[in-house]
Structures are given as C-alpha cells and as structure tokens.
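Visitor: Take this structure first; my questions come after.
Here, each number is a calculation from the coordinates, and none is a lab measurement. None of the values given here were measured: they were computed from a predicted structure. Cβ sites come from the backbone with ideal geometry, for glycine too, and all protein chains shown count toward neighbours.
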Ligand code: HAM
C-alpha cells in the first residue's frame, strides 16, 4: 500500500471486476443507440447556479451534497451531482432545440454527491442516462421506460420493479401542494419536517420513518388531484407500457429527490440491495428549460446507476457472459523466438485476435502457467528447435493437444482455428 488510498465514499474499478462495469454501461447504451439517441458528453463541473436553479434550492442534493468550489478566477463551480441540467444546458447552448424535435441524447459518466457513504451509496458514482428534449408525447415517456427495462433484461436482471407516478403540472400541482400543506400542518411532526412543509411538502411523503408514515394515512395524493390533461397523459403512458409488456406498480407516494419533475416520474428498485434500492430513476421535466433561462422545452429522461446495477446483478447471482480477454497466448523460449513470436502476436492482434505474450523473459513453466491463467484457447509455443525447423506449436489449452504448423503460415492457421 502507498501512503494514499481512495477518498472516503469512493472506490477503484480494477480487473477483473471492472469488466462488469464496462459491460453494464454497454448494455444500457445499446438499446438507446438503436432508438436514435446520440451520444453527448458535458464537463464534469458546471456553474453551481445551474444545479441550484435546475435541481432545486431546497433539495438535499443542492443544500447538502454538492461539491462546490471557487476557482482562482472567482467562478463558483460544482462537480456535477447529476446529468440532466448539464445536458439541457449544453443542448440549449448548441441551439439543438432550434432543429428537429425531439432531440434524443444519451450519456455515461461520473457524478459526485457528498452523501453519507454506505453500501450502494457513494460520493463518486457512475450513471448512464438518456434525455429526450422538446416533445410532449406519452410515447416518448413510454419509449424511455421500455428502453431501460430492455437494458436490464439484456443483462439478465430479473428482480427489479418499476414504480410509476404522475406529479402533475403547473396547473394542478400548486393546488395539490396547498392541500397537502394543509393536511401536513395538522400532524405531529418535528421541527425539521415542519420546515419542509413550507419548502418542499411532497418530500414529506417520502419520509422513511414509521411514525411519520402512520400519520400520512389519508393524506391527499397527487393522483386524486391531477387535472384532466395530466390524467389523460398519464393514462396513455400506462397503456403504452402495458402494451409493451412492461410491468409497473402505481406508486402515488413516489416523489423524487430533484425538483424539476412534472407529470411522469418513475423509479426502478431492486429488492436485493437493502436501503439503497433505487437502481435508476427519471421522469418528465417540462419546466426545467425555463428554470435555467431557456425557452419552453418539455422533456423526459432517466439515469440508471451503474454501480447499483452491478450490485443488483451480483445480488441475483447473475454472471455476465463476457468475451474472453485472451484468445491466444504466446510462449517463446529464447531470444530469437521472442522476436519472431512477438511479430506473430502483433499480426494476430491487427487481425482482430485477442492475443497476449509471456513478457519478462519467463521460463517455459512459468510462461505456460500465465497462458493457462489468461483463459486463452491456444498457446503458441516457439522454441529454438521449432525455429530451426521453421515451425510453431499450437497447443489447445483445453485438450492439451499440440499441432505444429509452418511459422510463415501461423497467423492464417490461428485465424482459421479461431473461426
Ligand atoms: P437520481 O435518482 O438522483 O436521478 O439518480 C439516478 C440513479 O443514480 C439512482 O437511481 C441510483 O441508481 C444512482 N445514484 C444516485 N446517487 C447515487 C450514489 N450516491 N451512489 C450510487 N449510485 C447513485 C438523476 O440523477 C436524474 N438526473 C435522472 C433523470 C434523468 N431524470 C430525468 N432525466
């Protein structure tokens, strides 16, 4: 160990485990690419005010969890705690909203929240996300949810559940909010929670404590206060999901930790993860663009947590079928053989074969050990006598069977064997 270790709440991705993370990112991205989402990458930090305005001044993310910094030049920046505000900022800056709508974008990256670390909750974590900007169409909400479900399924994940709700819009939510505030003010709550009634009453519904939940029985629910337009919209999303064979649970108490949501909101939870059960979440955010100074741009999106998806796969005992890291492993004996075999390996790699080499002048025994450990199907063995005879030994590492082939046709022979 060195003097240093990874900061609290963070961890390193190291082979072989890191391969699962890559595979999860790729599996989530694949359905998005097929559905016309283009890749976007934004900086790891933004002006802190973007998140304060976008995610919300009253959210835990902004008040407690943001990594903020003042640069030497006096700029107030924050490490991004989430991707939606950044993606929308970038799309507006590039005038994408002036072109064909919706603009469909996906991203993959690191996010930072100063949270109390525990299993599944980190200060540096990884999301793959998707946003569809500039269109108010229930088919878009349904499309995104279906793509997330398809991604989880393609990984072999099974025990996840989709929770669905509608948070209404600027017409019906304020009315509901006032009704909820009235109800909450009549309850026996601690000072912190009472304050929340004024700032963010919907979050009280999300309180995990039994003492609070018991008092919430009979609380007014958004679903009973939706305006006609929101009701119809939500029903259409539900119908499209049902038609696509996507199971969901209506969860009238589902509120999310970000303030920008309107109408459709959803969360994917996994029951094998303990308290940090949300593997992904998202929803519609029709007012966010205006909140950050842009034009009206109704949009919808989600982000799936890569770390928690990997934990969920492990909790279910799913092992991902990852392509073998190495197809062939070269075992040279002697200096001259090393040079010749290194050439063969280079050519094989250029031909698309995953190939590795016994570096460091290992003896035959150690080199064969490395070959076996690599998971390769074939070892290419070249000794001094082989070299003199112009041949190379191809050893099948499963059966132990060994065949000699002419050195100058070795590349073609290996390619043929690997089919
Ligand atoms: P979020 O629910 O805050 O939504 O995060 C999405 C997912 O990121 C969570 O479900 C979880 O899997 C993962 N995640 C969040 N915080 C942590 C953490 N501290 N450690 C490990 N994993 C974590 C958003 O971020 C929204 N931007 C999603 C969205 C996109 N809504 C619309 N478009």
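Visitor: Has the stretch 234-255 got any residue that is within 23 Å of the chain's Cα centre (by Cα), within 12 Å of the ligand (Cβ to nearest atom) and under 29 Å from residue 183 (Cα atoms)?
Guide: Among the residues of the stretch 234-255, at least one is within 23 Å of the chain's Cα centre (by Cα), within 12 Å of the ligand (Cβ to nearest atom) and under 29 Å from residue 183 (Cα atoms), which makes the answer yes.
Visitor: Tell me which residues, restricted to the stretch 55-91, are farther than 21 Å from residue 117 by Cβ and out of contact with any strand residue (DSSP E or B) (no Cβ under 9 Å at 6 or more places or on another chain).
Guide: Result: 56, 57, 58, 72, 73, 74.
Visitor: Do any helices (runs of 4 or more DSSP H) entirely within the stretch 155-226 hold 2 or more residues that are over 33 Å from the mean Cα position of the chain (by Cα) and surrounded by 12 or more Cβ atoms within 10 Å (Cβ to Cβ), and if so, which?
Guide: Counting at least 2 such residues, we get 173-185, 191-199.
Visitor: If you don't mind, another one. When you scan the stretch 240-247, do you find a residue that is in contact (Cβ under 8 Å) with a residue 60 or more places away in the chain, assigned to a strand (DSSP E or B) and buried (at least 17 other Cβ atoms within 10 Å of the Cβ), even just one?
Guide: Checked the stretch 240-247: no residue is in contact (Cβ under 8 Å) with a residue 60 or more places away in the chain, assigned to a strand (DSSP E or B) and buried (at least 17 other Cβ atoms within 10 Å of the Cβ).
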